[in-house]
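FYI, it's all coordinate maths here, none of it is from the lab. In this text, all values refer to a predicted model and were calculated from it rather than measured experimentally. Positions of Cβ are backbone-derived with ideal geometry, glycine not excepted, and every protein chain shown enters the neighbour counts.
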C-alpha cells in the first residue's frame with residue numbers, strides 16, 4: 001500500500017515538474033516584441049551616456065558624451081523658417097541595429113519624444129515622431145520659427161534596458177535667425193493671455209551640483225479660474241537647456257497625480273532638478289491652461 005502511494009506521489013510530482021518545465025520553455029520562446037538586448041546599448045570605453053532614472057532627474061550632457069544610439073535627421077524638402085518641414089529620423093544602436101516602435105516602451109503616452117530648439121533657445125517645440133515602414137525610421141513635421149541650426153534631442157526608453165536614453169542631431173534651417181537677447185537678470189515670471197506664470201527656486205542663486213526645488217505656479221491676472229488639463233500624463237512638463245545646447249533635463253511634477261485636481265485659482269506644481277555646471281539656462285514649461293496649450297520660457301543663471 002505504501003509502495004503504491006509513493007509511486008502515485010512520484011507520478012504527480014513528475015507531472016507537475018514536467019508542466020512547469022513546459023511552461024518555462026514556452027514563455028522563453030514567446031516573442032517579446034523586440035530583437036534588441038542590453039548589449040545593443042553598450043558603448044566601449046568611457047565618456048558615454050549612462051542609463052537614466054526618471055525619478056531622479058538630472059541634466060544630461062547629450063552632445064559631449066557618446067550615446068549607444070546614433071541619430072540622424074534628414075528633411076524630405078527644404079527646411080525654411082516659417083514653413084512646415086517634414087523630417088525623417090533614423091535611430092541605430094551601437095551594434096548597428098535599427099530601433100523601431102517594437103523596441104521602445106511607452107513613456108508619458110508616447111514611445112519617442114523629440115525636443116527641438118533653435119540656437120537662441122527662443123523656439124522650443126516638443127514633437128512625437130511616428131514610425132515608417134522602414135526599420136529604425138521615424139517621421140515628424142514641425143514649423144521652425146527662425147533660421148539657424150536647430151538641434152533635435154531624442155528621449156526614449158528601450159524595452160531591453162527599461163531606463164531612459166538620449167541622442168541628438170542637428171538640422172540647418174534657412175531664413176532669418178533670431179537676434180540674441182541680452183538677459184542680465186533672471187526671467188522667472190511671464191504673462192500670457194491673461195495668465196501669470198511663475199517659476200520659483202527654493203533657494204537663490206541656483207547652485208551647480210546641488211538639487212534645486214522648483215515651484216511652478218499659475219494665476220489669472222483678473223482673478224478668474226485657471227483650469228489645468230493633462231499633457232502626456234502630467235499637469236505640466238518642464239525641460240531645461242543650457243545656453244550652448246549641450247544637453248537637457250526633462251522634468252515632471254513630483255506631488256500631484258492625475259487623479260487629484262489642481263487648485264483652480266492658483267495651481268502649483270513642484271519639481272526637482274540637479275544641474276552639474278554653472279552657466280546660463282532656460283527652462284521651458286509646457287502646460288494646457290483653460291484648454292489652450294502654452295510654452296513658457298524661464299531664464300536663470302546657475303553658479304558655483
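Worth a mention:
- Using a simple spin-label model with pseudo-atoms 7 Å out from Cα toward Cβ, residue 215 and residue 77 lie 4.9 nm apart.
- Percent RCO, i.e. relative contact order, over segment 122-241, from Cα pairs under 8 Å lying at least 6 residues apart: 14
- Distance between modelled label sites at residue 163 and residue 274, nm, 7 Å Cα→Cβ extension: 1.4
- Once the gyration tensor of the Cα atoms in segment 192-256 is diagonalised, the equivalent ellipsoid follows with semi-axes of 25, 15, 13 Å, ordered largest first.
- With contacts taken as Cα pairs under 8 Å at a separation of at least 6 residues, segment 38-173 carries a relative contact order of 28 percent.
- The protection proxy used here, the mean number of other Cβ atoms lying within 10 Å of each residue, ranks peptides 274-286, 125-137 as follows, highest first: 274-286, 125-137.
- Rounded if a/c under 1.5, otherwise prolate or oblate - segment 38-173, Cα gyration tensor axes: prolate
- Separation of segment 139-206 from segment 247-304 is 12 Å, based on Cα centroids.
- Multiplying the residue separation of residue 109 and residue 179 by 0.36 nm and subtracting their alpha-carbon distance yields 21.7 nm.
- In segment 207-304, the ratio of gyration radius to Kirkwood radius, Rg to Rh, stands at 1.00 when only Cα atoms are counted.
- Packing-based ranking, highest mean first, of 108-117, 260-269 given that Cβ atoms within 10 Å are counted: 108-117, 260-269
- Förster radius 30 Å - calculated FRET efficiency between residue 288 and residue 134 (Cβ-Cβ, nearest 0.05): 0.35
- Taking a ≥ b ≥ c as the square roots of the eigenvalues of the Cα gyration tensor, segment 128-184 is oblate, since a/c reaches 1.5 or more and a/b is not larger than b/c.
- FRET efficiency, residue 196 to residue 35 (Cβ-Cβ, R0 45 Å, nearest 0.05): 0.35
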